[in-house]
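K.L.:
A single structure is presented below for examination.
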Amino acid sequence: MDTQQHNDDARPVLEAPDIARVLTRIAHEIVERAKGADDVVLLGIPTRGVFLARRLAEKLESITGAKIPVGSLDITMYRDDLRLKPARALGRTEIPADGVDGRLVVLVDDVLFSGRTIRAALDALGDIGRPRAVQLAVLVDRGHRELPIRADYVGKNLPTSLRETVKVQLAEEDGRDTVLLGSQTAS
Amino acid sequence: MMRHLISAADLTRDDAVLILDTAEEMARVADRPIKKLPALRGRTICNLFFEDSTRTRISFEAAEKRLSADVINFAAKGSSVSKGESLKDTAQTLEAMGVDAVVIRHGASGAPYRLATSGWIDAPVVNAGDGTHQHPTQALLDAFTMRRRLVGRDAGLGKDLNGRRITIVGDVLHSRVARSNVDLLHTLGAEVTLVAPPTLVPVGVETWPCEISYDLDRVLPKSDAVMMLRVQRERMNAAFFPTEREYSRRYGLDGDRMAKMPEHAIVMHPGPMVRGMEITAEVADSDRCTVIEQVANGVSIRMAVLYLLLGGNDSAAPAPGTTRTEENK
Amino acid sequence: MSKILIRGAQVLGGDVQDVLIDGETIAEVGTGLSAEGATVIEAEGQILLPGLVDLHTHLREPGREDSETVLTGTRAAASGGYTAVFAMANTHPVADTAGVVEQVYRLGKESGYCDVQPIGAVTVGLEGKKLAELGAMHDSAAGVTVFSDDGKCVDDAVIMRRALEYVKAFDGVVAQHAQEPRLTEGAQMNEGIVSAELGLGGWPAVAEESIIARDVLLAEHVGSRVHICHLSTAGSVEIVRWAKSRGIDVTAEVTPHHLLLTDELVRSYNPVYKVNPPLRTEKDVLALREALADGTIDIVATDHAPHPHEDKDCEWAAAAMGMVGLETALSVVQQTMVETGLLDWAGVADRMSFAPARIGRAKGHGRPVSAGEPANLTLVDPAYRGVVDPADFASRSRNTPYEGRELPGRVTHTILRGRATVVDGKLA
């Protein structure tokens, strides 16, 4: 996902226990705001958003005792910069069997930045069904929004400069849980 | 990915697996209420068919429309020569109209290659079947069907057809499907055997990456998939084989023969089938026959090919102004 | 008529000599010849050959003047070092009557660049059914001695036998385009590994070889001579070698392109490589070179086949067959035969001048470079290296397979009966 080089001095801003803790908090917030979460559907945005969505679902299930539908929503073909790069491999879109119509869809992603990914996700979601409402959960909000989009649930607000990089690593993909903040090297 | 898709032989293993994986995602669109993706919005694709082939044309058209492309169908019946207008003029006319890609079907082997390399036009070219040369999207949809059936829909992702034994039976000499399949299946690691009467095997076949057999019954028990090629009745008149009955008896697939195949093995056919010639109705209508699946898979494969050829920018270099660290989160 | 002194050329690649031309004939060959009153051509380092003779040229006139005319074709011939060409009969109308051959003959005379000897069709309309008036064509002003249905094979064994017999009356020869028609229906290229991959209809070697085998046996049976056009396969070489060893009066030609190019080039689907007979394999190319060197193949003939741009700027199947060759023939022969050590320049003189003139009974051509002979001469700079640019061609057509290829050698002067048609590499 992130092809830029990073300085070796990229420093962790969230470690594994922090990530687990904020996900637990977000799960509780969802239950609270959704009043029990019985119609919640979690849709992760590939790649890391999907893992976060699954972890959230587990936490929600342990809180509510109910099975929470979880799926994935690939936004590649809805990106506004599709034509700016060579064609990208697609991620998986997996909608839970009961669909999204009339439900509360919580989109889950690792980093909220310009907001363009979420804009694309809303378009993609529109082709799949008509949720009752859509909310957004992110692990890190690093600011610099370019669209009128905000997250409903934020793991950590991380003020950054545009020259800095934020890299989320998750055990499922990267072998460990951490969020790294680094400064971009000239290359 | 390359700029054009002319021959299955041009695809590397990784290219081919990427197309199959992408097609697997495209296939899921067919299950949605809105069977449409925005990837090719604003792009115009011309289906330039110099040869009648309603099924292939419709398959491409469905794929293009599902990707939101604008579609122009151009059917030039008969050869360009008999029409008086050359392939070059036709292609240049289309490009002048702002066509972003050309899907071409042509009776002359090499016509798509010529179109892509002669400098006549700049647009990407997708070969939808040329003479007796190549039909790469057919080979891809066949490989896709095999991977789904023999490896598994999800289990197959990222995988090739390593070690699978594929038998292709029939008029190899005149078949672009056979040529494309031999190339692609070999690239994907499968072991291919061609079975045909010697008259329908081309001179020079010895360099192809496959085995040749004249004895269908000996090959069937060792096949994971058996692909029957269409055999045109008129071949009989050119003495390729004596009678329809003799052909069917020696090289046709009937229920008795199908029973010799391993239990998991599938029967494939690129269509249209000549029932009673190369395949009996009993086989064609059996659960092991994937003809209908192949048609459905054709749309997914063509979506994948068109998306990968046209979905991004033209060059492989990153476009300027997109140097943000995270991908525009 | 003026005098020309060619000073210091290697005559037939041998001794350095001066050659003095007076009027239409060679006056003197020696060293230190006086240049008085003569235009001097300084020819140091150059090879002097007898004017080249092409037994197989398509001039296209009458009928396809959009691709070539007698005038443009003879200009191309002169550029390539030729002083005589035999013009094939497959024009529109076909050269199957005294009237047509006389017209072509007359146009050649008027052109002034190169002698044109028309070839007469063997059968009416090249249809292979009925003998054309071979005697009338021979008796005409054109004096036809070579007969060919080139482009089509005289495939009917009886017609071929009769033609072979009939032309004996006036020392004629039938030049056969050896192509069994049934075996080559839909043929697009050499049948083999490449055609199997490309899915192009195959032109099997056996379609050529079987006709050659039949025709040498026919020639033996009726005691005639027979000439085989553009032999292209190793198997054909074997048959001709066998026939010659039996004493059969057979001669054979090879084209420059079959000495250099192979069917691998067809992978480009570029119709500039589409020709009949088709480009064959490396093995065939090597066998043809060897056969030309050892005399099994008697001559090089261009099969110069001009086609307009649009007939090649299309898909393979729709394209016309043939390549232009007059202006590149000598360079290709230098590259494939001389620079490989297979043939010396005296051998080139034989294969490209003496022997074709002898087979075609061309009077005044293919003569030794010696005093009293007609001054038909070609001067070649063998050290020259240049990239082929079709824009430089004198031919009206540009369908050369050598575009962009570097070839050795250059014709600097061509002299037709004492008159320079090419001077310093440019048409006079």
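K.L.:
Would you work out which of B:304, C:119, C:296 lies farthest towards the positive end of the dipole of the protein assembly as shown? Charges go on Cβ: Lys and Arg +1, Asp and Glu -1.
P.N.:
So the residue we want is B:304.
K.L.:
Could you tell me the distance between the Cα centroids of the stretch A:9-58 and the stretch C:245-302, to the nearest Å?
P.N.:
After rounding, the separation between the Cα centres reads 76 Å.
K.L.:
In nm, give the distance between the simple-model label positions of residue C:286 and residue B:73, each being 7 Å from the Cα along the Cα-to-Cβ direction.
P.N.:
Result for the modelled spin labels: 5.4 nm.
K.L.:
Oh, and also: Report the Cα-based extents of the stretch C:176-295 along its three principal axes, largest first, to the nearest Å.
P.N.:
For the stretch C:176-295, the Cα extents along the three principal axes come out at 44, 31, 20 Å.
K.L.:
Please state the shape class of the stretch A:1-115: rounded when a/c is under 1.5, otherwise prolate if a/b exceeds b/c and oblate if not, all from the C-alpha gyration tensor.
P.N.:
Working: a/c = 2.58, a/b = 1.28, b/c = 2.02.
Oblate, since a/c reaches 1.5 and b/c is not below a/b.
K.L.:
While we're here: For residue C:389 and residue B:36, FRET efficiency with R0 = 51 Å and r from the beta-carbon atoms, rounded to 0.05? The partial results should precede the final answer.
P.N.:
Numbers: r = 53 Å, r/R0 = 1.04.
Between residue B:36 and residue C:389 the formula returns 0.45.
K.L.:
Can you grab the distance from the C-alpha centre of the stretch B:287-303 to the C-alpha centre of the stretch B:118-164, Å, no decimals?
P.N.:
The stretch B:287-303 and the stretch B:118-164 have Cα centres spaced 12 Å from each other.
K.L.:
Based on the Cβ-Cβ distance from residue A:145 to residue B:211, what FRET efficiency comes out when R0 is 51 Å, to the nearest 0.05?
P.N.:
0.25
K.L.:
Additional query: Using a Cα-Cα cut-off of under 13 Å, which aspartates and glutamates could be cross-linked to residue B:159, ignoring same-chain neighbours fewer than 8 residues away?
P.N.:
B:14, B:15, B:21, B:24
K.L.:
Mind checking the full-extension length gain between residue C:221 and residue C:242? Use 0.36 nm per residue of separation minus the Cα-Cα distance, one decimal, nm.
P.N.:
6.0 nm
K.L.:
Sum up the charges of everything whose Cβ sits under 9 Å from the Cβ of residue C:325, counting Lys and Arg as +1 and Asp and Glu as -1, but leave residue C:325 out. Could you put the intermediate results ahead of the total?
P.N.:
On the way: positive: none; negative: C:54, C:303, C:327.
Neighbourhood net charge equals -3.
K.L.:
Another one. What share of the DSSP beta bridges in chain A is antiparallel, in percent to the nearest 5?
P.N.:
Among the beta bridges of chain A, antiparallel pairing accounts for roughly 40 percent.
K.L.:
Which of the lysines could a cross-linker span from residue B:36 if the Cα-Cα distance has to be under 26 Å and same-chain partners fewer than 8 positions apart are dropped?
P.N.:
In chain and number order, the partners are A:85, B:65, B:329.
K.L.:
Okay, next question. Highest mean first, how do B:175-187, A:76-88, A:154-166, B:119-131 rank when packing is the count of other Cβ atoms within 10 Å averaged over residues? Spell out each step's value before the answer.
P.N.:
Details: B:175-187: 25.7, A:76-88: 18.8, A:154-166: 16.3, B:119-131: 21.9.
My ranking of the peptides, most packed first, is B:175-187, B:119-131, A:76-88, A:154-166.
K.L.:
Find which of C:306, C:167, C:285 sits farthest along the positive direction of the dipole of the stretch C:52-360, computed with +1 on the beta-carbon of Lys and Arg, -1 on that of Asp and Glu, about the Cα centre.
P.N.:
Ranked along the dipole, the leading option is C:167.
K.L.:
Charges only on Cβ, +1 for Lys and Arg, -1 for Asp and Glu: so what's the dipole of the stretch B:180-283 about the Cα centre, in debye to the nearest 20?
P.N.:
300 debye
K.L.:
In straight Cα distance, which aspartates and glutamates are under 14 Å from residue B:260, not counting same-chain residues fewer than 8 positions off?
P.N.:
Cα-Cα hits under 14 Å: B:215, B:217, B:224.
K.L.:
A further question follows. Along the Cα→Cβ direction, 7 angstrom out, place labels at residue A:172 and residue A:11. What is the inter-label distance in nm?
P.N.:
In this crude spin-label approximation the distance works out to 3.0 nm.
K.L.:
Continuing with the same structure: Grab the other residues whose beta carbon is less than 12 angstrom from that of residue C:67, score K and R as +1, D and E as -1, and report the net.
P.N.:
-1
K.L.:
Among C:394, C:362, C:378, whose Cα lies farthest out toward the positive end of the dipole of chain C, if unit charges sit on the beta carbon of Lys, Arg (+1) and Asp, Glu (-1)?
P.N.:
Going by the charge dipole, the pick is C:362.
K.L.:
Based on DSSP, what percent of beta bridges with both residues in the stretch C:52-360 are antiparallel, to the nearest 5?
P.N.:
Here the share of antiparallel DSSP bridges comes out near 5 percent.
K.L.:
Then there's this: Could you give the nm distance between label points at residue B:288 and residue C:265, where each point is 7 Å from its Cα heading toward the beta carbon?
P.N.:
About 5.1 nm separates the two model spin labels.
K.L.:
So what is the calculated 222 nm ellipticity per residue for the protein assembly as shown, using -39500 (n - 2.57) for each DSSP H run with n of 4 or more, over all residues, to the nearest 500 deg cm²/dmol?
P.N.:
That calculation yields -8500 deg cm²/dmol at 222 nm.
K.L.:
Could I ask something else about it? Quick one: among C:73, C:108, C:186, which has the greatest mean-square fluctuation in a GNM of chain C with alpha-carbon springs under 10 angstrom?
P.N.:
C:186
K.L.:
Also: Would you mind classifying the protein assembly as shown by shape? Square roots of the alpha carbon gyration tensor eigenvalues, ordered a ≥ b ≥ c; an a/c under 1.5 is rounded, otherwise it is prolate if a/b is larger than b/c and oblate if not. It would help to have the intermediate numbers written out before the result.
P.N.:
Values: a/c = 3.31, a/b = 2.09, b/c = 1.58.
The shape class here is prolate.
K.L.:
Please give the charge dipole size of the stretch C:222-313, origin at the Cα centre, charges +1 on K and R Cβ atoms and -1 on D and E Cβ atoms. Round to the nearest 20 debye.
P.N.:
For the stretch C:222-313, the charge dipole is close to 280 debye.
K.L.:
If you take the Cα atoms of the stretch B:136-293, find Rg, then find the Kirkwood Rh from the mean of 1/r over all pairs, what is Rg/Rh?
P.N.:
Over the Cα atoms of the stretch B:136-293, Rg/Rh equals 0.94.
K.L.:
Next question, about the same structure. Loop only per DSSP, at most 12 neighbouring Cβ atoms within 10 Å: give me the GluC sites (Glu not before Pro) in the stretch B:40-142, ordered by residue number.
P.N.:
Working: sites: B:51, B:61, B:64, B:85, B:95; in loops: B:51, B:85.
Filter output for the stretch B:40-142: B:85.
K.L.:
May I ask you to evaluate 6.51 cos²θ - 1.76 cosθ + 1.60, the Karplus curve with θ = phi - 60°, for each residue of the stretch C:157-171 and list the ³J(HN,Hα) values in order in whole Hz, giving x for glycine and proline?
P.N.:
4, 6, 4, 4, 4, 5, 4, 4, 5, 4, 6, 4, 4, 10, 6
K.L.:
Count charges around residue B:279 for me, please; just the other residues with Cβ under 12 Å from its Cβ, Lys/Arg as +1, Asp/Glu as -1.
P.N.:
0
K.L.:
On to the next question. Rounded to the nearest 20 debye, what is the charge dipole size of the protein assembly as shown about its Cα centre when +1 sits on each Lys and Arg Cβ and -1 on each Asp and Glu Cβ?
P.N.:
Value, rounded to 20: 2560 debye.
K.L.:
Which percent, nearest 5, of DSSP beta bridges in the stretch A:37-130 are antiparallel? Present the calculation step by step, with values, prior to reporting the outcome.
P.N.:
Values: 1 of 9 bridges.
So the antiparallel bridges amount to about 10 percent of the total.
K.L.:
Once each part is reduced to its C-alpha centroid, what is the distance from the stretch C:157-221 to the stretch B:9-55 in angstrom?
P.N.:
Taking the Cα centre of the stretch B:9-55 as reference, the centre of the stretch C:157-221 is 48 Å away.
K.L.:
Still on this structure: For the stretch C:52-360, just say rounded, prolate or oblate: build the C-alpha gyration tensor, square-root its eigenvalues into a ≥ b ≥ c, call rounded for a/c under 1.5, and beyond that prolate if a/b exceeds b/c, oblate if not.
P.N.:
Numbers: a/c = 1.24, a/b = 1.14, b/c = 1.09.
It is rounded, given that a/c, with a ≥ b ≥ c, falls under 1.5.
K.L.:
For residue A:58 and residue B:2, what does the FRET efficiency come to when R0 = 51 Å and r is the distance between their Cβ atoms, rounded to the nearest 0.05?
P.N.:
Computed FRET efficiency for residue A:58 and residue B:2 comes out at 0.75.
Values in this text are rule-based calculations from the coordinates and carry no lab data. From a predicted model like this one, the values you see are computed outputs, not experimental measurements. Here the Cβ is made from the backbone with ideal geometry for all residues, glycine too, and neighbour counts use every protein chain on show.
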